[in-house]
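Student: Dropping the structure in here first, questions after.
Where a number appears in this text, it was derived from the coordinates with a stated rule and is not lab data. For clarity, every value in this text was computed on a predicted model and none was experimentally measured. Cβ: placed from backbone, ideal geometry, glycine included. Neighbour counts: every protein chain shown.
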Amino acid sequence: MTKKHPPVQGQDPYLNVDPLAESYREGITESVAITRSLEHHNTALLCIDMQYLDAAPGYGVFKDAEAAGVPPEAQQYYFDRLQKHVLPNVRRLQDGFRAHRLEVIHTRIQSLTMDGRDRGPGHKRLNLHAAPGSKEAEFLPEIAPKGDEIVINKTASGVFNATNLEYVLRNMGITGLFVVGVYSNECVSTAVRDACDLGFYVTLISDATATVTPELQNATITTMKDRYARVLTTQEAVRELDGTLA
């Protein structure tokens, strides 16, 4: 049943009710197909943009802290969250997926050309560039790809719009995605929405994602939850992996 909240005096009570919540939960976030996808090894972990360009102090976007456009306190929050929560949780999930022989897929921002002339218009306007072989294009060592894990390079926020990721996933029979990475309100949420629209069963890991303010982080999770993805913590996700694939 959809939970109803008492109306505020003078306010239409329907403004406090989400009339679509139950149908979305049943059709998207509580479908038995999510468990079936795991059981049949058709679920992959999608790690988004965990690289020096946007996830390491002193590099890329944050090479010049004062010119980054992000206030010092927001940078402090972001990097604290990455170090204390996101990186350890992403690594824990990667280890879990690898242990169960499930695909771990990595996306990163990297141009095809050294001068970045192939970049999407948005990245050009933002002056966002990671050339092939550059430090900015490197994955953070804690969560870097292993073996022949798939790496998808992109030059736009939306990995599904800007790459052949959907084609690759269909070729491997992937029907479910667990999504982690940065920034929650940009590349991560775009991937979640697009994946859902394309018919994938999406699970967003709340404590394995980050952005530059807690308000943006919380708003993103709230917007995605029970609409475009079910939301789990890392602990819940690992428990599900181990319980389903034991």
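Student: Modelling each spin label as a point 7 Å along the Cα-to-Cβ direction, I'd like the His41/His100 distance in nm, to one decimal.
Tutor: 1.3
Student: Under the classification rounded if a/c is under 1.5, otherwise prolate if a/b is larger than b/c and oblate if not, where does the stretch 81-218 fall, given a ≥ b ≥ c as square roots of the Cα gyration tensor eigenvalues?
Tutor: Because its axes are fairly even, with a/c under 1.5, the stretch 81-218 counts as rounded.
Student: Taking every DSSP beta bridge with both residues inside the chain, roughly what % is antiparallel (nearest 5)?
Tutor: Around 5 percent antiparallel, to the nearest 5.
Student: Label Thr222 and Val168 with points 7 Å out from Cα along Cα→Cβ: what is the distance between them in nm?
Tutor: Those two pseudo-labels are separated by 3.4 nm.
Student: For the stretch 158-246, how big is Rg over Rh, using alpha carbon atoms and the Kirkwood form of Rh?
Tutor: 0.97
Student: Based on Cβ point charges of +1 for Lys and Arg and -1 for Asp and Glu, what charge dipole magnitude is obtained for the chain about its Cα centre, in debye rounded to the nearest 20?
Tutor: Charge dipole, the chain, about its Cα centre: 200 debye, nearest 20.
Student: Suppose R0 equals 22 Å. What FRET efficiency, 1/(1 + (r/R0)^6) with r the Cβ-Cβ distance, do Val17 and Gln235 give to the nearest 0.05?
Tutor: Using R0 = 22 Å, I get an efficiency of 0.10.
Student: Give me the aspartates and glutamates in straight-line cross-link reach of Lys154: C-alpha distance below 16 Å, same-chain residues under 8 apart excluded.
Tutor: Asp49, Asp54, Asp115, Asp118, Glu136, Glu138, Glu166, Glu186, Asp194
Student: Shape of the stretch 28-135 from its Cα gyration tensor (a ≥ b ≥ c, root eigenvalues): rounded if a/c is under 1.5, otherwise prolate when a/b > b/c, or oblate?
Tutor: Taking the square roots of the gyration eigenvalues as a ≥ b ≥ c, the stretch 28-135 is prolate.
Student: Still on this structure, I have one more. Among Phe97, Pro121, His85, whose Cα projects farthest towards the positive end of the dipole of the stretch 71-157, with charges put on the beta-carbon of Lys, Arg (+1) and Asp, Glu (-1)?
Tutor: Pro121
Student: Another question, if that's okay. Please report, for the Cα atoms of the chain, the Rg to one decimal and the Dmax as a whole number; what are they, in angstrom?
Tutor: Cα radius of gyration and Dmax of the chain are 18.6, 61 Å respectively.
Student: So for Thr220, Thr233, Thr163, fewest C-beta neighbours within 10 Å to most, what's the order?
Tutor: Going from sparsest to densest Cβ surroundings: Thr233, Thr163, Thr220.
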